[in-house]
Amino acid sequence: MIQLNCFEAIINDLLDSPDNFSISEFYSEYSNQEIVFLESLKKKLLAVKS
C-alpha cells in the first residue's frame, strides 16, 4: 500500500495538472486497486475541468 506522504504527493500532482499526469509510471510500483483509484480520480477531475 502507498505510504501516506507518497500518496499525498501523487494526489497533489494529479490535482495540479490532471491533463499532464501519467498514471502509467506507477503501474510497477503500486497495487491494482491504487491504480484504479488514481485513474478514476483523474477521469473525474478532467470531467469537472471541462
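No value in this document is a laboratory result; all are computed from the given coordinates. As the structure is a computational prediction, the values presented were derived from the model and not from experiment. As a convention, Cβ positions derive from the backbone with ideal geometry for all residues, glycine included, and neighbour counts pool all protein chains shown.
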*Among the chymotrypsin sites (Phe, Trp or Tyr not before Pro) within the stretch 16-48, which fall in a DSSP loop and have no more than 16 other Cβ atoms within 10 Å of their own Cβ?*
Tyr27
*Output ³J(HN,Hα) for the stretch 7-14: one whole-Hz value per residue in order, computed from phi by the Karplus curve 6.51 cos²θ - 1.76 cosθ + 1.60 with θ = phi - 60°, and x for Gly and Pro.*
4, 4, 5, 5, 4, 4, 4, 5
_Debye, to nearest 20: dipole size of the chain, +1 on Lys, Arg Cβ, -1 on Asp, Glu Cβ_ = 280 debye
_Restricting to DSSP H runs of at least four residues, report the calculated mean residue ellipticity at 222 nm for the chain, -39500 (n - 2.57) per run over all residues, nearest 500 deg cm²/dmol._
-20500 deg cm²/dmol
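In the neighborhood of Asp19, defined by Cβ-to-Cβ distances under 14 Å, what is the net charge if each Lys or Arg adds +1 and each Asp or Glu adds -1?
Details: positive: Lys42, Lys43, Lys44, Lys49; negative: Asp13, Asp16.
After counting each charged neighbour, the total is +2.
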_Options (1) 1.99; (2) 1.23; (3) 1.08 - which one matches Cα Rg over 2.2 N^0.38 Å as calculated here_ = (3)
*Would you work out which of Asn20, Asn5, Tyr30 lies farthest towards the positive end of the dipole of the stretch 3-50? Charges go on Cβ: Lys and Arg +1, Asp and Glu -1.*
Asn20
